[in-house]
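Readers should treat all values here as calculations from the given coordinates under stated rules, not as data from a laboratory. Just so it is clear, the structure is predicted and the values come from calculations on it, not from any experiment. Here the Cβ is made from the backbone with ideal geometry for all residues, glycine too, and neighbour counts use every protein chain on show.
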Amino acid sequence: MSIGNSVLIVDGEPLIRIEFADMLENVGFLLATTAAAAISILSEHEKIRLIMMDMEICGRIHGGKACSSFLVVRSGDPCKTEYTN
């Protein structure tokens, strides 16, 4: 049973996104390929409670800056970020 889109997976590698998606199919998840896309998704989806992100993700916004942006988007809202390499 899905509990909604509570996990945001942020990774540029398709195989890694597929692996996480397979593991989390019963939880409900959203996918992003860039940090900028993740910030946009996070601001639109209040149910997200966990962010799994590649800290070396490509794009204009890198991992550390993205994490700071997540905190701004979700100030005061419980949302855990898990870092991966």
Below 13 angstrom from the Cβ of PRO14, what's the summed charge of the other residues (Lys, Arg +1; Asp, Glu -1)? -4
In nm, to one decimal, how far is the GLU25 label point from the GLU56 one, both placed 7 Å along Cα→Cβ? 3.0 nm
Give me, ordered by chain and number, the residues 5 or more places off MET52 or on other chains with an amide H under 5 Å from its own placed amide H. LEU8, ILE9, VAL10, GLU82
